[in-house]
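A short write-up of the structure that comes next.
The values are calculated or read from the model by the stated rules, or taken from the named source; none is laboratory data. Not measured: the values here are computed from a predicted model. We place every Cβ from the backbone using ideal geometry, glycine too, and count neighbours over all the protein chains shown. In case anyone asks, the SASA skips ligands and DNA or RNA and just uses the protein heavy atoms, side chains included. Shrake-Rupley method; radii C 1.70, N 1.55, O 1.52, S 1.80 Å.
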Amino acid sequence: MRFSVVIPLYNKAPYIRCTIESVLVQTFTDFEVIVVDDGSTDRGAELVAQVRDPRLRLVRQVNAGVSAARNHGINLARGEWVSFLDADDWHHPRYLATLVEAQDNHPDSDVVGSYFVCFPDSGGTWPPRWKLPEKPLQVERITDLPERWMSGPSLFTSAMTVRTALLQKMQPCFAVGESSGEDLDLWFRLSECSTIALARAPLVAYRTDVKGSLTSHHLPLEVPPFLERMRARALSDAMTAEQCKSALAMVAQFEVTLARYAIASGRRAEAWKWLFQGRQAMNSRRWWLSA
């Protein structure tokens, strides 16, 4: 089997059937779908159980959070690759087929994904029209994810696929108990041991502004745990010299962002604290504009 599509589910009854349907209509058909119900209290799990397709498996667990649900799905995966999909997002019908093309053309990459498109939740069942992937397929190869991320966020969990064997060696892949940055933590750790092949086609639809969405936007007050762990790996010589340089620069840029938030809130002393901690970014325009 080529793919195991892992879908964590928690109280997404209005969306889950359409999300599953977006997988079942894929033009590439060698896959299974594993829905991990994380103790939902709505009818989401029951709606999944009504879908009669031998490729679909529903498993249930006591509520433990999205990280635990994804880790559970990884442990159950029988496919060569694990593809992630949140319960309120969609995969384009040619998503898996495009990933196969990218995988075959870049066999050294254990992490493969695609671009994505965002749209606000309007209560509709299907996303707005999106462009089909261009031919021939263009692929961006990311060898330094922190450097790439500082020029603009590039990865989205529902648009990522990873070799199952690598994920199962890294278990627990997603940090249990964390609800912010737990996915970024995995992508950055994976980027330290594999190039990332990213199809330049928006083949995943991300519905924003959904109540209870797995992706939330809160004003940060501290450096998130995944960046602290990245800094610790860099300082422990677990990375190459170039990876270390980029990782520390990314953490410093985030500290500059915290300083800017503090300035906007009138907390000057706190702003100076973050600017001092982010002095690795002193050669950047953002640091000096914040000072």
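Considering only segment 142-176, state which residues are more than 21 Å from Gln103 (Cα to Cα) and touching a Ser or Thr at 6+ places or on another chain (Cβ under 7 Å).
Pro146, Glu147, Phe174, Ala175, Val176
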Legend entry - Any hit, segment 41-51, residues being surrounded by 23 or more Cβ atoms within 10 Å (Cβ to Cβ), of a type in the set (A, V, I, L, M, F, W, C) and under 18 Å from Thr161 (Cα atoms): no
Inset, instruction - Count, please, the residues in segment 52-102 that happen to be acidic (Asp, Glu) and open to solvent by 20 Å² or more (accessible area, probe 1.4 Å). - result: 3
Inset, instruction - Mind listing whichever residues of segment 137-181 are outside any loop (DSSP other than H, G, I, E, B) and farther than 22 Å from Gly79 by Cβ? - result: Glu140, Arg141, Ile142, Leu145, Pro146, Glu147, Arg148, Trp149, Met150
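Let's see how each residue does on (1) modelled with pLDDT of 85 or more; (2) aromatic (Phe, Trp, Tyr); (3) within 30 Å of Asp121 (Cα to Cα):
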site	(1), (2), (3)
Met160	yes, no, yes
Gln171	yes, no, no
Gly181	yes, no, yes
Ser191	yes, no, no
Pro202	yes, no, yes
Ala205	yes, no, yes
Ser216	no, no, yes
Ala234	yes, no, no
Legend entry - Residue that is touching a strand residue (DSSP E or B) at 6+ places or on another chain (Cβ under 8 Å), surrounded by fewer than 23 Cβ atoms within 10 Å (Cβ to Cβ) and in contact (Cβ under 8 Å) with a residue 24 or more places away in the chain, where the choices are Leu24, Leu9: Leu24
Inset, instruction - Answer with yes or no whether Tyr115 is within 17 Å of Ser4 (Cβ to Cβ) and within 18 Å of the chain's Cα centre (by Cα). - result: no
Legend entry - Residue list for segment 246-291, restricted to those being polar (S, T, N, Q), over 17 Å from Arg231 (Cα atoms) and at pLDDT 80 or above: Ser265
Legend entry - Residues that are in contact with a Pro (Cβ under 9 Å, 6 or more places away or on another chain) and in a strand (DSSP E or B), drawn from segment 34-63: Val35, Val36, Asp37, Asp38
Legend entry - Complete set of residues in segment 150-169 that are on the phi < 0 side of the Ramachandran plot and open to solvent by less than 40 Å² (accessible area, probe 1.4 Å): Ser154, Leu155, Phe156, Thr157, Ser158, Ala159, Met160, Thr161, Val162, Thr164, Leu166, Leu167
Inset, instruction - Return a yes/no flag: does segment 115-132 have any residue that is open to solvent by less than 20 Å² (accessible area, probe 1.4 Å), in contact with a strand residue (DSSP E or B) (Cβ under 7 Å, 6 or more places away or on another chain) and either more than 13 Å from Ala205 (Cα to Cα) or not hydrophobic (A, V, I, L, M, F, W, C) (or both). - result: no
